[in-house]
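A short worksheet on the structure shown next.
A short reminder: the numbers here are calculations on the coordinates, not readings from a lab. Quantities reported herein were computed from a predicted structural model and do not represent experimental measurements. Here Cβ is always computed from backbone atoms with ideal geometry, including for glycine, and neighbour counts include all displayed protein chains.
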Amino acid sequence: MSLCGWLWLLYCLHVPGSVWGLDGGGEGACRLEAKPVSGSVYRAGDVVIGGLFPIHVEAPLPEQEFRSIKGNSTCTMFNQRAYRWLQTMIFAVEEINRDPALLPNLTLGFLAADTCRSEGTTLGAALAMVTGKETSVVGTECGTTPEVPVIIGDARSSASMVVAQTLGPFDLPMVSYFATCACLSDNWRYPSFFRTVPSDAFQARGMAKLLRQLGWVWVGLVSEDGDYGKFGVQVLLQELQGSGVCVAYSEVLPKLPSKRKIRHIADTIRGSTARVVVAFVGFAGHSGALMEEVVRQNITDKQWIASEAWVTFSTIAAPKNLPSLAGTIGFALKKAEIPGLGPFLTRLHPDGDYQKSDPFLRELWEEMFMCSLGVDPSVTLPSRRQCTGSEVIREGESQYADVSQLRASYNVYKAVYAIAYAIQDMMACRPGDGVFNGGQCPDIRKLQPSQIVHYLRGVNFSTPVGESFHFDMNGDPPASYDIINWHVTPEGTAEFVQVGHFLSSEGSDDQFHIDMDKVVWGGGSGDEVPVSVCSADCPPGTRHAVQKGKPVCCFDCLSCAEGEISNTTGSVECIRCPERYWSNPDRTACIPQLVDFLSYSDTMGVILSVISVSGATLTAGALATFLYHRHTALVKANNSELSFLLLLSLKLCFLCALVFIGRPKPWTCMLRHTLFGISFVFCISCLLSRTVVVLVAFRATLPGENLMRYFSPTQQRMGISLCTLIQVLICVLWLALAPPRPAERRGREGRGPRVVLECEVGSVVGFSLVLGYIGLLASLCLLLAFLARKLPDNFNEAKFITFSMLIFCAVWISFIPAYVSSPGKYTVAVEIFAILASSFGLLFCLFAPKCYIILLRPERNTKKHMMSK
């Protein structure tokens, strides 16, 4: 079966009321007993261009019982806007035919049909065109109309997909003027589909830019139940991924919306906290009922974002809807002024010739002038007056004659010119240079659809209004949108004001501009940009914390952690401060960390310094007292040389505490631990020697014992020096191998984080040996003093040594856990406290009683009194 036969078979299967059969040759033979549902307008020509237009927006219900042949059905609800598109096609054809330079010696014709805004009717009309079986044309019989090689249409994405899928395998080209679904850019599924209207992929990209630029991150979506709405929302959601914009709700308007569903959608819009509503809907059939419900519920606090299908649709922008829809902003197809179109549209008049050639004129006239053209009064609508015939169509007084917003009409205009320039390129082909069958050129009188597809892909021309035009590899044109804003005029009508533009094409940067000063915002915001967020932006010093189970736009504000900041409003994450910096109390800025150490200006440092100096002063006073009274019995009896050495070592112990105060430096870190270790060993060595002397002195009085010869002053000095030298060697090795050094340590104290300067011990072993050696001598001294505690009272210095060493050991045993657990500079303070406490314990226990006798009880400072027991 031939191509025409296959298409004719599809047509007969589709068109209700047709009877078909197969003749002996296998071709389809047709006998139509009822005309197709759609009406047609036809003009002959060398090349006839098809056109599909939704002149009516409601098709009759299909016959599903199949019990009888159904009679003629009619479509209802006349669409003036679509009829203007049809007349624009006729205008472009006539303009091209008058141009001797474009298609010389060739006349274009047209065959335009009503699709009734139904997929079934659209497919039936398309099949009738391409098979040459359109019988609704006035003055033709079955099979007398020419086969149409190319179709302009359809206006709807769903119908265009149906027709393109059916005609695509036969390479029959379609050039749509209003089907924007991004799905139609699939060149593999729709290889012969072209369009002069941009894909919704570009519109969605522009909408995403608009939402991001205006900070609208919490939006609602409303779409129609069709390919236009479904794919439009899908592409928009893809563009919004990762942009921070969240969808509060997504509602779908059914094709046959019920009052309950419409009310539910309006309730959702009203109850949502999203103030911005993006509506991907088409004609009034989808959006009109919703807008009526929105107005009825007095929803006036929403900013509407309109798609190109309704942003300039005057029916929706009726004065009754403006309280809810004023300030609507959206993307409209690029507007153009087509010279001569206005007078062409107003030329119509319902005389006999016009009505015979155009079956739609009567409905247009009755719709525009609200009258009836019925000759028989019985068919005149009772609610309408009889038309006088003197009515005149004037520009701008109706939707049909409004040429101020030529957008879809301009796309129809470009589609006709694209086909004309493709035919011109065919006519310019030279034999032998063609691309078909070894260099053959197309036969203009018998055009093949595949040839038109090839040449359409290569057209590149400028329209009569000066716009450059071409198709990309997917059959799409460059995207060009006007950003339209609905203003309310003093008369209470809507004015479509251009406030910006958006240009985009594959492989080039987008151009997006909006003049904020011209925009009138919706939702009662006036001059202020509406705010549409799920959660208010977090202030500086906090970050977003997404609420569980909700979109990322819904969040709580949590304070930044210590050491982190956020210095901008709406921060998603906090920034960690650099090294040596810390967050301020508000967590809004990084400030230099406080350098903390035990200084002489601190209260604690002053107190410890005063105590240290006081202890050294008391020790110096005791030393002065002993020097002044060195010839008295008490001083002589207590080994004055050891007493002087002990007092000198105690003075060093008091003064070494001062080295621990102040900013740590390399030399002070090495000096503080070594001076502390040597001073205390020197002190305890003197005390140990004195304890041994006291113990041996009493044992030497026993008969036959002469131990004192081993503990002469020289030997005592050697013992003290030997004990001290061991500590000196330990300190030298410590300083040589791993000396103490200044270090920084981060801490968190009452006023906040700060850098604590301290002296690291360097070698823990060295520090442990220094303390361990002191502890060893102190333990030995305590043991010997304990053994000598029962000596005669007047000579019982061992009792005081025992008390002093008990205090010393108790202080340093408690020092260890306090030292480990103390933070920052308090570690140094604990060490100083231990030094001063143990030093005062030795000073008071050993020298306070003696000074008391020397200064206040001199009568007891005699040899007689001391020898009395």
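Considering amide H positions built from the backbone, and no H for Pro or chain starts, which residues 5 or more places from Ile49, or on another chain, come under 5 Å of its amide H?
Gly109, Phe110, Leu111
For the range 301-312, just list the computed ³J(HN,Hα) in residue order, Karplus coefficients 6.51, -1.76 and 1.60, θ = phi - 60°, integers in Hz, with x standing in for Gly and Pro.
Each residue's phi maps through the Karplus curve to give 9, 10, 9, 8, 10, 9, 7, 5, 5, 9, 5, 10 Hz.
Largest first and to the nearest Å, give the Cα extent of the range 513-609 along each principal axis.
74, 36, 23
Residue-wise, which Karplus ³J(HN,Hα) couplings in Hz belong to the range 652-669, taking 6.51 cos²θ - 1.76 cosθ + 1.60, θ = phi - 60°, and x for glycine or proline?
So the J values, rounded to whole Hz, are 5, 5, 5, 6, 5, 5, 5, 5, 6, 9, x, 5, x, 10, x, 6, 6, 5.
Is the C-alpha gyration tensor of the range 542-594 telling us rounded, prolate or oblate? Criteria: a/c under 1.5 is rounded; beyond that, a/b larger than b/c is prolate, otherwise oblate.
Prolate, because a/c is 1.5 or more and a/b exceeds b/c.
What does the helix-only formula give at 222 nm for the chain: each DSSP H stretch with n ≥ 4 adding -39500 (n - 2.57), the total divided by the residues, and the result rounded to the nearest 500 deg cm²/dmol?
One gets -13500 deg cm²/dmol as the mean residue ellipticity at 222 nm.
Which whole-Hz couplings ³J(HN,Hα) result when phi for each residue of the range 567-583 is put into the Karplus expression 6.51 cos²θ - 1.76 cosθ + 1.60, θ = phi - 60°, listed in order with x for Gly and Pro?
Along the range 567-583, the couplings run 9, 10, 6, x, 5, 7, 9, 8, 9, 6, 5, x, 4, 6, 10, 9, 6 Hz.
Give me the aspartates and glutamates in straight-line cross-link reach of Lys825: C-alpha distance below 17 Å, same-chain residues under 8 apart excluded.
Asp596, Asp602, Glu744, Glu749, Glu758, Glu760
Could you tell me how many degrees, from 0 to 90 and to the nearest 10, lie between the Cα long axis of helix 119-131 and the main elongation axis, the longest principal axis, of the Cα atoms of the chain?
Value to nearest ten degrees: 50.
About the Cα centre of the chain, how large is the charge dipole given +1 on each Lys and Arg Cβ and -1 on each Asp and Glu Cβ? Please answer in debye to the nearest 20. It would help to have the intermediate numbers written out before the result.
Working: 74 positive and 76 negative charges, 1614 e Å.
Here the size comes out at about 7740 debye.
Averaging sequence separations of C-alpha pairs under 8 Å and six or more residues apart, then dividing by the length of the range 542-594, give the relative contact order as a whole percent.
Details: 98 pairs, mean separation 16.7, N = 53.
Once normalised by length, the contact order is 31 percent.
How high is the relative contact order of the chain? Use alpha-carbon pairs under 8 Å, at least six apart in sequence, and give a whole percent.
Details: 1598 pairs, mean separation 73.8, N = 869.
Computed over the chain, the figure is 8 percent.
Under a 5 Å amide H to amide H cut-off, with H placed in plane at 1.01 Å, what residues pair with Phe471 once short-range neighbours are removed?
Amide H neighbours of Phe471, under 5 Å, 5+ apart: Val459.
So for each of 41-52, 194-205, 719-730 I average, over its residues, the number of other beta carbons within 10 Å; can you give me the resulting order with the highest mean first? If you can, show how the numbers build up before the last one.
Working: 41-52: 22.2, 194-205: 26.4, 719-730: 16.8.
Averaged packing, sorted descending, gives the order 194-205, 41-52, 719-730.
Determine the distance separating the Cα centre of the range 229-258 from the Cα centre of the range 456-510; give it in Å without decimals.
About 23 Å separates the Cα centre of the range 229-258 from the one of the range 456-510.
Please name whichever of Leu221, Leu623, Ser712 sits farthest to the positive end of the charge dipole of the chain, dipole taken about the Cα centre and charges placed at Cβ: Lys and Arg +1, Asp and Glu -1.
Toward the positive end, the furthest listed residue is Ser712.
Of the cross-linked pairs Lys230/Lys548; Lys255/Lys334; Lys133/Lys335, which ones have a Cα-Cα span greater than 30 Å in the structure shown?
On the way: Lys230/Lys548 28 Å; Lys255/Lys334 28 Å; Lys133/Lys335 36 Å.
Correct reply: Lys133/Lys335.
Answer with a single label: of [x] 51; [y] 47; [z] 28, which was calculated as percent of Cα pairs over 55 Å apart from the structure in view?
Checking each listed value against the structure points to [y].
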